[in-house]
Each structure stands twice: as C-alpha cells, then as structure tokens.
Amino acid sequence: MLDVQNVSKVYGHNRQAIRALDGVDLRVNRGEFVAIVGPSGSGKTSLLLTMGGLLTPTSGKVLIDGASFYDVGAPARTAMRLKYCGFMFQTFHLIPYLTAAENVMLPLITTGMNARSQREMAEDCLQTVGLEQRKDQKASKLSVGEMQRVALARALVNRPALILADEPTANLDADTASLVIDYLQTFKAEGIAVVLVTHDDRLGQVADRIVQIRQGKTVAPSDSKELS
Ligand SMILES: Nc1ncnc2c1ncn2[C@@H]1O[C@H](COP(=O)(O)OP(=O)(O)OP(=O)(O)O)[C@@H](O)[C@H]1O
Ligand SMILES: [Mg+2]
C-alpha cells in the first residue's frame, strides 16, 4: 500500500546541511504493523513525516496505492493525506484552547462535510478511545494520557488506511501505554496499517516487523525483536 523508494532528506544548505534520510526504501502492506527504531537523531521522525505527505523529500518517491505523494500539488497531497493517513505526533500537537471534540474534528475541517457530521464522527472516535465523557473539556485541562487518547481519536477520525505514530507511548504511564497498544492492535486487526516509531519493548513485541534506522539509512533486517 505504501512504498517509500530511495528517499533522501537534506535539511539546510552547504556547510549547515544535515542528511536526515539517506536512500531509504520501505514498503508497508495493508494491515501490517511496523515499528521503526533507532537512536535519537537517526531520522525516524523525518521518515514518518515523509511517509505521510507532511515533509517533502529532497529526492526519491513515496507512493500510496501507486499514486505519488510529492509529484502532485499541495491541495491534491492534502486530499491524499486525508484519504489515507492518520497521525499521532511525538508531542501531541493538540490545540490547548479547543475542546477534545474540536481537536478531533480538525482533520475534517477541509472536507466540506457539515459541522454536525464532523462532530458526530469526532464523538464516535472519542468513544472508541473511552473518552466520550471528556469531549467538552479543553485540551489544556486533560491529563497527559487523555491527551494521547484524544490524539489517537484524531488520527482515526478520517477513517485512514494507515496510522503513523511517533513514539505513541513515550509519555504515558504503564497502564495508559498498554491501553494505547491495545487500541493500535485492534486497528491492525481491522485492517489498518500501523507504522510507529518507538523505544518501547512492548510495541516491538506486537509489531509484525521492526525496521532499524541509523544515520538516515535502514540497516539490514534482523529476526531479533530487540529494540535499540
Ligand atoms: N527542520 C529541521 N531542520 C534542520 N534539521 C533538522 C530538522 N528536523 C530534523 N533535523 C535534523 O535531522 C536529523 C534527524 O532528525 P529526526 O527528528 O528525524 O530524528 P529522530 O530519529 O526522530 O530523533 P528523536 O529520537 O530524537 O526524535 C537530526 O540530526 C535533526 O537535528
Ligand atoms: Mg523523533
């Protein structure tokens, strides 16, 4: 479903240039659960953003069901992202002065769908993550675990085929982390592909495949399920 072909990303120019990704190839099938691991600064977040149409690579291609993310204009790319991808960011990126429900509605704003349907879909997703009773609470007043569940609901609201999650359990206590892992496994069981960056051994255990990245390159796949 998702095909990353020889993707490189260079930030900055000349002497300040940083090669964050260096010729990455990666394929993700429908319903597959892939964990990306590697040291800090190795390019994991850059890769995830590139896979989801949020960061234009310096070279290479990202295809989703055969359509190229970065060979189309920004409006078409936004439409592709909305059709296929849900995101959970490393730092949740909730808008503090909006309510939980309003934050979950955000990806739908550009769809032209009427506000009532947007709200119903958002409330359905909050229910999925067990937060329906917090829907009218401002994001700034939620606990960290609740914020991550709102972020999860927001990743689901456009019914994506692919969820991209950057360290989704990093800031959570063990119980809430288990809950988020359970949800991600449920989505996988429903045929949603999950690609996540993690240092969490429990996520490594449930992944179908672990991709190691070092200095912007994927390293040879190993059968070991040890995380770095
Ligand atoms: N917008 C940017 N401008 C310049 N350099 C950047 C930018 N974003 C990332 N980098 C650099 O690119 C490299 C890869 O960064 P990236 O955020 O992808 O790493 P990461 O593997 O996600 O790290 P971490 O585990 O700490 O989150 C790092 O050296 C980082 O400093
Ligand atoms: Mg990162």
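Laid out as a table, the results:
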quantity: q = 0.30, 0.34 Å⁻¹: log10 I(q)/I(0) that the Debye formula gives for the stretch 103-147, counting C-alpha atoms only; calculated: -1.12, -1.25
quantity: Debye log10 I(q)/I(0) at q = 0.11 Å⁻¹ for the chain, Cα point scatterers; calculated: -0.54
quantity: Helix-derived mean residue ellipticity, 222 nm - over the chain, DSSP H n ≥ 4, -39500 (n - 2.57), to 500; calculated: -9500 deg cm²/dmol
quantity: Under 5 Å, built H, 5+ apart or other chain: amide partners of Val197; calculated: Ile36, Ala165, Asp166, Glu167
quantity: Rounded to 5, percent antiparallel among DSSP beta bridges of the chain; calculated: 50 percent
quantity: Cα→Cβ-extended label distance, 7 Å offset, between Ala79 and Arg15, nm; calculated: 4.6 nm
quantity: Cross-link partners of Lys44 among lysines (Cα-Cα below 19 Å; sequence separation of 8 or more within a chain); calculated: Lys9, Lys61, Lys217, Lys225
quantity: Integer Hz, Karplus 6.51/-1.76/1.60 couplings in order for the stretch 90-100, x for Gly and Pro; calculated: 4, 10, 2, 6, 8, 8, x, 8, 9, 6, 3
quantity: Length released on extending from Ala220 to Thr111, taking residue separation times 0.36 nm less the Cα-Cα span; calculated: 35.2 nm
quantity: Percent RCO, i.e. relative contact order, over the chain, from Cα pairs under 8 Å lying at least 6 residues apart; calculated: 29 percent
quantity: Charge dipole (debye, nearest 20) of the stretch 2-218; +1 at Cβ of Lys and Arg, -1 at Cβ of Asp and Glu; calculated: 660 debye
quantity: Separation between Cα centres of the stretch 1-72 and the stretch 83-98, rounded to whole Å; calculated: 19 Å
quantity: Candidate aspartates and glutamates - alpha carbon under 19 Å from Lys83, same-chain residues fewer than 8 apart omitted; calculated: Asp3, Glu32, Asp65, Asp71, Glu120, Asp124, Glu190
quantity: The chain: angle of helix 174-189 to the longest principal axis, Cα-based, in degrees nearest 10; calculated: 80 degrees
quantity: Label-to-label distance, nm, for residues given as Glu132 and Arg119 (7 Å Cα→Cβ offset); calculated: 1.6 nm
quantity: Per-residue HN-Hα couplings for the stretch 206-220 [Karplus 6.51, -1.76, 1.60; θ = phi - 60°; Hz; x = Gly/Pro]; calculated: 8, 5, 6, 8, 10, 10, 9, 10, 9, 6, x, 10, 7, 9, 3
quantity: Residue (of Pro75, Ile192, Leu94) at the positive-pole extreme of the chain, dipole from beta-carbon charges; calculated: Pro75
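FYI, it's all coordinate maths here, none of it is from the lab. Here the structure is a predicted model, which is why all the values come from computation and not from measurement. Note that each Cβ is placed from the backbone with ideal geometry, even for glycine, and that neighbours are counted across all protein chains shown.
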